[in-house]
Amino acid sequence: MLTGRCSGSQVAQYAGLVRRERSPRDRRELLMLLNDAGRELLARHEEPVRELEERMVRDLTAHQTEQFRKALSRARHALS
């Protein structure tokens, strides 16, 4: 059952978008790999996401866009 406490990786696995397998290099590692359905979903949304990203930054300078991307990256890392 999915709850509000599921991680993105759990949701992707439940949705049938990824598969898990042990790392051949280190059997203690568990790899999450996109399966065909996951790759298809990414391909389907690639263009709409690119267009949305362009709209988000179209009124920013190149410097502001770079700062925005860095801030988003830091925020994402803080949540991981």
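Take the range 13-43 and flag every residue that is of a type in the set (Lys, Arg) and surrounded by 10 or more Cβ atoms within 10 Å (Cβ to Cβ).
ARG19, ARG20, ARG22, ARG39
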Going residue by residue through the range 54-72, is there one that turns out to be touching a residue at least 24 places away in the same chain (Cβ under 8 Å), open to solvent by less than 70 Å² (accessible area, probe 1.4 Å) and in contact with a helix residue (DSSP H, G or I) (Cβ under 8 Å, 6 or more places away or on another chain)?
no
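Report yes if SER80 is open to solvent by 100 Å² or more (accessible area, probe 1.4 Å), free of Cβ contacts under 8 Å to residues at least 24 places away in the same chain and out of contact with any His (no Cβ under 8 Å at 6 or more places or on another chain), otherwise no.
yes
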For the condition at pLDDT below 90, at positive phi and not polar (S, T, N, Q), what is the one hit in GLY8, GLY16?
GLY16
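For the range 7-80, list the helices (runs of 4 or more DSSP H) that sit wholly inside it and hold at least 1 residues that are of a type in the set (Phe, Trp, Tyr); which are they? Outline the logic, then answer.
Details: elements: 8-14, 36-57, 62-79.
Ranges flagged: 8-14, 62-79.
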If you scan the range 7-30, which residues turn out to be among the polar types (S, T, N, Q) and under 20 Å from LEU79 (Cβ atoms)?
SER7, SER9, GLN10, GLN13
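The values are calculated or read from the model by the stated rules, or taken from the named source; none is laboratory data. If you're wondering where the values come from, they're calculated on a predicted model, not measured in any experiment. Using ideal geometry, Cβ is built from the backbone for each residue, glycine included, and neighbour counts are taken over all protein chains shown. For accessibility, only protein heavy atoms count, side chains too; no ligands or nucleic acids. Shrake-Rupley method; radii C 1.70, N 1.55, O 1.52, S 1.80 Å.
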